[in-house]
Amino acid sequence: MTFAIHGLAVSRGIAIGRAVVVASSRMEVVHYFIRPDQVETEIARARNARNAVIEELRRLQEEMPKDAPGELDALLDVHLMLLQDQALADAIRNWISERLYNAEWALTTQLEIISRQFDEMDDEYLRERKADLEQVVERILRHMKGAANPVSPPLAPADAQAPAPGQQLALDGAVETPLVLVAQDLSPADMLQFKSKVFAGFITAVGGKTSHTAIVARSMDIPAVVGARAASQLIRQDDWVIIDGNEGVVIVDPTPIILAEYGFRQRQNELERERLSRLRFTPSLTLDGQKVELLANIEQPGDGAAAVRAGAVGVGLFRTEFLFMGRSGNLPGEEEQYRAYCEIIDGMQGMPVTIRTLDVGADKPLDKAQPKDYYLNPALGLRAIRWSLADPAMFRTQLRAILRAASHGKVKLLFPMLAHRSEIEQTLAQLRQAQVELDARGVAYGPVKLGAMIEIPAAALTVRSFLQYFDFLSIGTNDLIQYTLAIDRADEAVAHLYDPMHPAVLRLVAEVIEASNAAGKEICVCGEMAGDISMTRLLLGLGLRSFSMHPAQILAVKQEILRADASKLAPWAQEVMDSDFPAKLLEH
Ligand code: PEP
Ligand code: MG
């Protein structure tokens, strides 16, 4: 039966594929892809575990005391019958060989499918056999856990909920059916594991438009819908699903006519992308000859190639926190960070790289295990620069690594979430201390331009004092909107209030741009607003000449710039600013 689920459109495009529903099983198991040459070994692993459990149950039956209740014997018979069911064995074999799922994943996927069939049965006795099946599968899983290592150990921790594509690179092309990921929630770190494009799209039940998970999806340039409530309950394993990332709609079990329509739209999107790719080498100039700098936001050192391919003239925001995530507290040291920063500097081929110091907190946890309840209010708690200043040794390790990397190329150092003058002074003192430490070790380092993110209303309102301390500013509109409008950017329940066009937000953005331009300091927008083509003309009209966004958005924004006449946009932008309802004027 065809039905639609509505959510928030967070990453454009259309994906059509089979659903891989994760984290809906009550059993926590590792999920990862195997290589095609590991299929037989993996099937054997599942078979051996099943045979071992059969042996175990038979032994139990033989050794059962004479006075044991008769039901126990009957129950073991049922379990043995389920274990020896050829249909179960065939289905598991199928998930492994066709989808390259690891054995545990194959087993729990099949368990979910059979569980649903049990749920739909009229006969109560049969319905209750579901619990037996679960026990049997649990026994097999336990056996696998205790047995020898799997053929390819997963990259993710052993209790990972989402697939950890340990061997995902080998998967490209090996599985012909496109897969879309359906989950209750995905952390930014989970998302990073999908970077090699194993999945054609993804759907989560929770999340807002500028949640960090959505941002990573955009950076991967794959269609995504978040906030699609109940998606992980309504969508079944292996259902055909269409993700319309433009409209924020998910269509489950589409009819052939709907499939054909979306297949057509998918091809149209591809043609549009191809057309845009021709703009890559076109200089980014407005019609009246104003130069506009288009920079890339990146999350990983290896992302430089995509940035260069998209025609970025530098990195405007390197979110270094992704280097620190998913490491179970084992944070990267100076040497490892130094190498990562050098990798991106080399990748950018002489273009400037803006490295932002660590921006973690409860909204971007370092590890899944980090207890969320610990924070009274995640967005207002120990985040970003506050976190760094609370752990000066860790902060200076990062600063030393960045300073050293700066001797290899043009580096700009950016600090997130500053609000207080005292924080600015402490931050700069830590930087000086890091330089002293490098001097004492006789280690070379390079010059860096210093920048602050303006992402708290207090910072925007006191921008002049920021301009005294820093060489450049970068407006983080994602957080600026969150804190100005008091809405959690990750919470889909208030997503409708997340409004970049709110007059209060626009006023703060406009004033920061104006003050920076008047002081002759560089000013950039690196929040999602910079990559939103409906905002390009307004930002140009407000005097912005530097935009930083995910590489996938650069060419569409460039197209807007090529069509814009900046001199005419300035008076129009003023009209928008003076209006009580700016969004209305933006439509024209
Ligand atoms: C922002 O807040 O706009 C920003 C760019 O930083 P992040 O999204 O990483 O918080
Ligand atoms: Mg921010």
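The values are calculated or read from the model by the stated rules, or taken from the named source; none is laboratory data. All values derive from a computational prediction rather than experimental measurement. In this analysis, Cβ positions are derived from the backbone assuming ideal geometry, glycine residues included, and neighbour counts consider all displayed protein chains. The area values use the complete protein model at the heavy-atom level, side chains included, leaving out ligands, DNA and RNA. Shrake-Rupley method; radii C 1.70, N 1.55, O 1.52, S 1.80 Å.
On alpha carbon coordinates alone, what is the Rg over Rh value for segment 455-583, Rh being the Kirkwood radius? Kindly include the intermediate steps, with their values, before the conclusion.
On the way: Rg = 14.2 Å, Rh = 15.0 Å.
Computed over Cα atoms, the ratio is 0.95.
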What ranking, highest mean first, results for peptides 553-562, 42-51 when packing means the other Cβ atoms within 10 Å averaged over each residue?
553-562, 42-51
Size of the dipole of segment 286-585 about the Cα centre, Lys and Arg at +1 and Asp and Glu at -1 on the beta carbon, nothing else charged, in debye to 20?
620 debye
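Taking N as the number of residues in segment 30-77, what is its alpha-carbon radius of gyration divided by 2.2 N^0.38 Å? All intermediate terms of the calculation are to be shown ahead of the outcome.
Numbers: Rg = 16.6 Å, N = 48, 2.2 N^0.38 = 9.6 Å.
In units of the 2.2 N^0.38 Å rule of thumb, it is 1.73.
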Full extension between residue 135 and residue 176 adds, at 0.36 nm per residue less the Cα distance, a length in nm of 11.4 nm
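Take the alpha carbon atoms of the chain, find their radius of gyration, then divide it by 2.2 N^0.38 Å using N residues; give the quotient.
On the way: Rg = 26.8 Å, N = 588, 2.2 N^0.38 = 24.8 Å.
After normalising by residue count via 2.2 N^0.38 Å, the value is 1.08.
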Kirkwood hydrodynamic radius over Cα pairs of segment 229-307, then Stokes diffusion coefficient at 37 °C and 0.692 mPa s, in µm²/s:
197 µm²/s
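If you take the beta carbon distance between residue 534 and residue 267 as r and set R0 to 30 Å, what does 1/(1 + (r/R0)^6) give as a FRET efficiency, to the nearest 0.05?
Numbers: r = 24 Å, r/R0 = 0.82.
Approximately 0.75, to the nearest 0.05.
Once the other residues with Cβ under 9 Å from the Cβ of residue 21 are scored (Lys, Arg +1; Asp, Glu -1), what is the net sum? Mind showing how you got there, number by number?
Working: positive: 236; negative: 112, 238, 239.
Spelling it out: positives minus negatives among the neighbours equals -2.
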Based on the Cβ-Cβ distance from residue 563 to residue 443, what FRET efficiency comes out when R0 is 30 Å, to the nearest 0.05?
0.05
Taking only protein heavy atoms into account and a 1.4 Å probe, give the accessible area per residue of the chain in Å².
43 Å²
Quarter of the surface of the C-alpha convex hull for segment 36-145, i.e. direction-averaged projected area in nm², equals 7.2 nm²
Rounded to the nearest 20 debye, dipole of the chain from Cβ charges on Lys, Arg, Asp, Glu
2320 debye
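Only helical DSSP H runs with n ≥ 4 go in: add -39500 (n - 2.57) per run for the chain, normalise by residue count and round the 222 nm mean residue ellipticity to 500 deg cm²/dmol. Walk me through the numbers before you get to the answer.
Working: 24 runs with 277 residues, N = 588.
It comes out at -14500 deg cm²/dmol, rounded to the nearest 500.
For residue 432 and residue 145 in one chain, what is 0.36 nm times their gap in residues minus the Cα-Cα distance, to one decimal in nm?
Details: separation 287, 0.36 × 287 = 103.32 nm, distance 5.01 nm.
Roughly 98.3 nm would be gained on extension.
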If I take the Cα coordinates of segment 179-275 and project them onto the principal axes, what are the three extents in Å, biggest first?
35, 34, 22
Between residue 51 and residue 74, how many nm apart are label points set 7 Å from Cα along the C-beta direction?
3.2 nm
Charge dipole of the chain built from unit charges on the beta carbon (Lys, Arg +1; Asp, Glu -1), centred at mean Cα; most positive-end Cα among 416, 326, 212 is 416
How much of the accessible area of the chain, probe 1.4 Å, is carbon plus sulfur, in whole percent?
53 percent
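Kindly rank 81-87, 414-420, 223-229 from highest to lowest mean number of other beta carbons found within 10 Å of each residue.
Numbers: 81-87: 12.9, 414-420: 23.3, 223-229: 26.4.
Output ranking for 81-87, 414-420, 223-229: 223-229, 414-420, 81-87.
So between residue 90 and residue 274, what do we pick up on full extension, going 0.36 nm a residue minus the alpha carbon distance?
Numbers: separation 184, 0.36 × 184 = 66.24 nm, distance 4.28 nm.
62.0 nm is the gain from fully extending residue 90 to residue 274.
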Treat every Asp and Glu Cβ in segment 179-275 as -1 and every Lys and Arg Cβ as +1, leave all other atoms uncharged, and give the resulting dipole magnitude about the Cα centre to the nearest 20 debye.
240 debye
Grab segment 286-585 and count how many Lys pairs have their alpha-carbon atoms under 20 Å apart, sequence gap of 8 or more, or different chains.
11
